[in-house]
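For reference, the structure is listed below as C-alpha cells.
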Amino acid sequence: MTPEGNVRLELDDIQSGVLRPRPTPYVATYIVLRIDDRNAGRELMRRVTQVVTSAANPSSPMADTWVSVALTYHGLKALGVPQNSLDSFAWEFQQGMAARAKELGDTGESSPENWERPLGTRDVHLVLVAVSPNDQQLEDVLDPARKAYREMRGIEAIWRQDCHALPTETEPFGFRDGISHPAIEGSGIAGTNPREQPLKAGEFVLGYPDELGGIQRIQPEELGRNGTYAVFRKLHQRVAAFRQFLKANSTDPADEELLAAKMMGRWRSGAPLALCPFQDDAELGADKRRNNDFLYEEDDPAGFKTPGGSHIRRTNPRDGSVAGVVRLHRMIRRGTAYGPVLPGGVLEDDGADRGLMFAFVGAHLGRQFEFVQSQWINDGVFFGAGDAQDPIVGSNDGAGSFTVPRRPVRRRLQGLHRFVITRGGEYCFMPGLRAMRWLADLQT
Ligand code: HEM
C-alpha cells in the first residue's frame, strides 16, 4: 500500500502530457494530420513513438520539448483498427464532438457549420501537440518532424494552431489560469488543493478502478491500458465585449474588478474570493501553496463570497451542496491562450482571433467533460439557479442572467451575451506508449 492508496500507475507507459503539468511559460502547437494511407499512418505512429515521453520521465530527451499524440475515432479507423475494437470505445468518442453539438451548447455561432475547417469533419485523424519553453526550441523539434511527414505520402497536415502561456498564465480575459488541478492516486504528482482527497486513478487513466469501482476497458487490453480520452476545443474569446459588459454594469474601475471576480470566483491575479472576498491580493494569487487551499460549505454555503454561479464554483463545486457527486465530474485541464493580447483599456473589438485552446483529459468523456459542459456550465438547476448559465463561458444568448448573493438583497444581472464562441474541436484517444507501438504494428 502506498501513502496515496494501493494503486500504482504504470507511469512509464502513460504519455507525459496526460499527467505532468506543463512548464511555465511555454509555447505550444497543435497539428492535425489526415491519414490517407494506413501503412503511412502506422509508420507515422512508429516515428512519433520515439519522441513521446512517458510520465515517468521528469525531463524530456528533446531539450524540454514535450510531444503528445492523440487519435480520433476516424484516425483509429484510418490505421485499420478492427471494428470490434472501435466498438469498445466510449460511445461519445465514437460519435465525435460535432455530433454532440446540441448537448454541448454548440449552437448558433458556435455550431459545427460555422467551425474552422477541417475541425468537426471526418478528416481530423491524428493530433500532435508540442510544448516547449520558447519558439526556437519548439521550431528545433517541429522542423525535422514537418520534413518527416511531408516526405511521407499518405499523410497530410491539414490544420495548425499556435498557442502560448504567459509567465502569469493569464488567459485572454485577463485572469490567471492553470491553478486548480486534481490529485490522482498513484501518480506521485500532487494536486493543488490540499483539502481534496486524491481521486481514483481510473478517473483519469483507462484500465484502473475509478471512483465507482468500475474499470474502463477497451478491446484489446493492450490498446486501452494506460490510455485516456482527451478533448480539445478552440474557444474564441470576445474580450472587448466582456470588458464592455463589466463597464456597463459597474460604477467605477474597482467595482468592475469586483464584478469580474464575482463572475470568475477569483480575482485576476488568481487570488480566490473564498480567501480574500473584498479586494485582490496579488501575492496570494501567485502563491501556489495557498491559492487553491479552500472549500465552500462551512465558510460560504450561500455564496456571499464566491457566488454559486461563478465559473470556478460551477465547474468544481468542491464540498458545496449541489445535486450530484462532485468527485464523479472532475477533470485534468490544460488551457493555452492563442492570438494577440488585446491591450488593456481597449473596449472596441479589433477583429483579431484570440482565445483559449481548451484541453480536457479524463477517462470518462460523458460524466466528466460533457456533464460539466452541459449541466454545470450551461444550466443552473444543480445549485438551484434555474436555467442560469456560466456568466463567462456559458452559451448565453443575450437573455442570460447572473446572480450575486448580497445583503440585504442579492444583485441580479440580466442580458448576458455569449463571450466565448466555439470554433471547433474533437474527442480524441491518447494511447499509452505500448499501445502506440501496437497501433504501429497493425497488420491488416
Ligand atoms: C474560454 C473559455 C474558458 C476560460 C477563459 C476559462 C478560465 C478559467 C480560469 C481563469 C480558471 C481559474 C484558474 C484555475 O482554477 O485553474 C478556470 C478554472 C476552471 N475551469 Fe475554466 N475557462 C474556460 C473554459 C472552461 C471549460 C469549457 C471548462 C469545462 C468544460 C472549464 C473548466 C474549469 C475547471 C474545472 C476549473 C477549475 C475550477 C476549480 O477547481 O476551482 N473551463 N477557468
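Read-outs throughout are calculated quantities, based only on the coordinates presented, and are distinct from any laboratory measurement. Quantities reported herein were computed from a predicted structural model and do not represent experimental measurements. When we count neighbours, we look across all protein chains shown, and the Cβ atoms used for this are built from the backbone with ideal geometry, even at glycine.
Grab the beta carbon distance between A254 and M62, set R0 = 51 Å, and tell me the FRET efficiency rounded to 0.05. If you can, show how the numbers build up before the last one.
Details: r = 47 Å, r/R0 = 0.91.
Efficiency, rounded to the nearest 0.05: 0.65.
For region 36-51, putting each phi into the Karplus relation 6.51 cos²θ - 1.76 cosθ + 1.60 with θ = phi - 60° gives couplings of 9, 9, 5, 5, 5, x, 5, 5, 4, 4, 4, 5, 5, 3, 6, 10 Hz, in residue order, rounded to whole numbers and with x for Gly and Pro. Straightening the chain between R437 and K247 buys 63.0 nm, computed as 0.36 nm per residue apart minus the Cα-Cα spacing. Scanning the chain for trypsin sites (Lys or Arg not before Pro) that sit in a DSSP loop and have at most 12 other Cβ atoms within 10 Å, the longest stretch containing none of them is 290-444.
Can you give me the Rg/Rh ratio for region 257-337, using Cα atoms for both radii and the Kirkwood formula for Rh? Don't jump to the answer; show the numbers that get you there.
Working: Rg = 12.4 Å, Rh = 13.1 Å.
On the Cα set of region 257-337, Rg over Rh gives 0.95.
Hydrodynamic radius of region 290-443 by the Kirkwood approach over all distinct alpha-carbon pairs: 18.0 Å.
Send over the Kirkwood Rh of region 7-77, from the inverse of the averaged 1/r over different Cα pairs, rounded to one decimal Å.
Evaluated over region 7-77, this radius sits at 13.7 Å.
Our compactness index for region 254-298, the C-alpha radius of gyration over the empirical 2.2 N^0.38 Å, is 1.06. Among the chymotrypsin sites (Phe, Trp or Tyr not before Pro) within region 184-291, those in coil by DSSP and having at most 13 neighbouring Cβ atoms inside 10 Å are F278. Where the centre of each part is set by its Cα atoms, how far does region 348-366 sit from region 121-191, in angstrom? Value for the Cα centre distance between the two parts: 13 Å. If the cut-off is 22 Å between C-alpha atoms, which lysines fall inside it for K247, apart from same-chain ones fewer than 8 positions away? Partners found: K262, K305.
Annotation for region 237-289 versus region 391-444: alpha-carbon center distance of 20 Å. Once backbone amide H atoms are built at 1.01 Å from N, D319 has Y296, E297 as its partners under 5 Å, excluding neighbours fewer than 5 places away on the same chain.
Partners of K102 within straight-line reach, counting lysines whose Cα lies under 26 Å from its Cα and excluding those fewer than 8 residues away in the same chain: K77, K234. Taking 0.36 nm per residue of separation and subtracting the current Cα-Cα distance, fully stretching the chain between D12 and D349 would add 116.7 nm.
Tell me, Kirkwood radius of region 124-256 from alpha-carbon pair distances, in Å? Write down the numbers at each step before the final one.
On the way: mean 1/r = 0.0511 Å⁻¹.
Hydrodynamic radius (Kirkwood, Cα pairs) of region 124-256 is 19.6 Å.
Structural size metrics of region 68-107, computed from C-alpha coordinates, are Rg and Dmax of 11.7, 34 Å.
The smallest convex shape that holds all Cα atoms of region 374-429, its convex hull, gives 94 Å³ per residue. Checking the a/c ratio against 1.5 first, then a/b against b/c, what shape does the Cα gyration tensor give for region 210-368? In terms of gyration-tensor shape, oblate. Projected onto its three principal axes, the C-alpha set of region 1-134 covers 45, 38, 36 Å, listed from the longest axis down.
Can you tell me the mean projection area, over all orientations, of the convex hull of the chain's alpha carbons? Units nm², please. Write down the numbers at each step before the final one.
Numbers: hull surface 81.5 nm².
About 20.4 nm², averaged over all directions.
Under 19 Å from a label point set 7 Å out along the Cα-to-Cβ vector of L212, the amide N atoms of region 86-124 belong to 88-95. Between P277, P25, P253, the GNM of the chain built on Cα springs shorter than 10 angstrom shows P253 fluctuating the most.
Net length available on complete extension from D87 to A282 is 65.2 nm, with 0.36 nm assigned per residue and the Cα-Cα distance removed.
With helices as the sole contributors, the chain gives -5500 deg cm²/dmol at 222 nm; each DSSP H run of n ≥ 4 counts as -39500 (n - 2.57), and the sum is divided by every residue. Take the Cβ atoms of Q50 and R122, set R0 to 45 Å, and the FRET efficiency comes out at 0.95.
Pairwise alpha-carbon distances in region 149-218 exceed 18 Å for 64% of all pairs. Using the Karplus relation 6.51 cos²θ - 1.76 cosθ + 1.60 with θ = phi - 60°, the per-residue 3J(HN,Hα) values for region 128-134 come to 9, 10, 10, 10, 8, x, 8 Hz, with x marking Gly and Pro.
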